[in-house]
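Below is one structure, written out as structure tokens, with a few remarks after it.
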Amino acid sequence: MRTVQYAEYGPPGVLRIVEEPEPHAGPGEIRIAVRASSVSPGEVRSRSGAMREVLPAVFPVRTGYDAAGVVDELGEGVTGTRVGDEVFGATAMTARGSNADHVNLAMWARRPAGWTWEEAAGATGAVETSFRVLDRLAVGAGHTVLVHGAAGGTGSVAVQLAAARGATVLGTASEHNHGFLRSLGAEPTTYGPGLAERIRALAPSGVDAVFDCAGGVLPDLVAIAGDPARVVTVADITAAAHGVHMSHTAPGASVGPPDPPAAHGLAIAVELAEQGRLRIPVAGAFPLAEVAAAHALSEGGHARGKIVLLH
Ligand SMILES: NC(=O)c1ccc[n+]([C@@H]2O[C@H](COP(=O)([O-])OP(=O)(O)OC[C@H]3O[C@@H](n4cnc5c(N)ncnc54)[C@H](OP(=O)(O)O)[C@@H]3O)[C@@H](O)[C@H]2O)c1
């Protein structure tokens, strides 16, 4: 089967399609025939070498964390899922390799009616991350939440999930994405100088929680929330210096211990999707063989939603 791998740090051109034997589902896992998989910005940075101090690569690296497809093998102990089911999910954090024709999933849920394969492929990382952070921030009805970096693959899902909890959501994005943010349920504003003043004007009674999906401005975000405990970042490795929690699920990363993955979010996402309250914006879809172009789009830093590969 085809896999995507790299054997050295570098630009997207270091990615290779490599033939490998198919994996087999281990205990508690399922194997799927992949219809679509996604590209995550964290993996794109890892490939470039920018993360080598935080989490050094062990070459060759097989890429891809989330995917959607048809179940074709059940591991020992799996119940409630059958061969032939259409699912979306993700590998174990330490396994990876979903940008391939077959992959073992460690968490999954059935594909909601109405989600395309592209949407389903892009869902898991964004949904799991959003539940992990919104739960930690205890976001609920009546709260006001700022999602910083709201137009990206993670932020665009976080906005919808916070709105579904009954929160008032503010989101930052470039001006051309403001209509998009409104369509997801957020009141938009631009990022950059003057952010605290703009947020104060939009939320005169204050902000209860900040979900940072962009990084780089933690002092401003702490000032907006009024307390570092009310800010969680998934994108800023300087978090500890600001008293902010950096949420991640990667064992061995040098940015503090991993949080448990919020796998329970997948089933709730299915319900919300089938109620028409959650969609997965897709910024671009590429054939698997064009994975380098997909990485290049992610590296541009302005994708509006998830970037997926079609198998
Ligand atoms: N730790 C974890 O568990 C975890 C999980 C998922 C993601 N992440 C990390 O979280 C970050 C976001 O992920 P993602 O999937 O949403 O990435 P993404 O899809 O690549 O994000 C692209 C978005 O970032 C926005 N953006 C660019 N520069 C910005 C800035 N200075 N301020 C605010 N927004 C800005 C862009 O908005 P405009 O085009 O409107 O400018 C664009 O919509 C990445 O660093 C990723 O690695 C971490």
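Throughout, read-outs are computed from the coordinates displayed, never taken from laboratory work. The structure displayed is predicted, hence computed values, not measured ones. So basically every Cβ, Gly included, is an ideal-geometry build from the backbone, and we count neighbours across all protein chains shown.
Once both labels are positioned 7 Å from their Cα atoms along Cα-to-Cβ, the gap between residue 254 and residue 223 label points is 3.0 nm. Here the ratio of the Cα radius of gyration of the stretch 1-55 to 2.2 N^0.38 Å is 1.36.
By the gyration tensor of its Cα atoms, with a ≥ b ≥ c the square roots of the eigenvalues, what is the shape of the stretch 94-136: rounded for a/c under 1.5, prolate for a/b over b/c, or oblate? It is oblate, given that a/c is not under 1.5 and a/b is not larger than b/c.
The Rg/Rh ratio of the stretch 134-223, with both radii computed over alpha carbons and Rh defined as the Kirkwood radius, is 0.91. Its alpha carbons give the stretch 226-311 an Rg and a Dmax of 16.7, 47 Å.
Estimated from helical segments only, the mean residue ellipticity of the chain at 222 nm is -7500 deg cm²/dmol, where each DSSP H run of four or more residues counts as -39500 (n - 2.57). Counting neighbouring beta carbons within 10 Å and listing from fewest to most, the residues 133, 87 come out as 87, 133. The percentage of C-alpha pairs in the stretch 18-83 whose separation is greater than 21 Å is 41%.
Rg of the Cα atoms in the stretch 1-132, relative to 2.2 N^0.38 Å, amounts to 1.03. Sequentially through the stretch 229-237, phi angles give Karplus couplings (6.51, -1.76, 1.60; θ = phi - 60°) of 5, 9, 10, 10, 10, 10, 10, 10, 6 Hz, Gly and Pro residues having no value and appearing as x.
Rounded to the nearest angstrom and listed largest first, the equivalent-ellipsoid semi-axes of the chain from its Cα gyration tensor are 31, 21, 18.
In order along the stretch 76-90, the Karplus-derived 3J(HN,Hα) couplings, from 6.51 cos²θ - 1.76 cosθ + 1.60 at θ = phi - 60°, round to 4, x, 7, 10, x, 10, 10, 4, x, 5, 9, 9, 10, x, 9 Hz, and Gly and Pro are given as x. Pairwise Cα distances in the stretch 139-188 exceed 18 Å for 15 percent of all pairs. Within the stretch 154-311, the proportion of Cα pairs with more than 18 Å between them is 66 percent.
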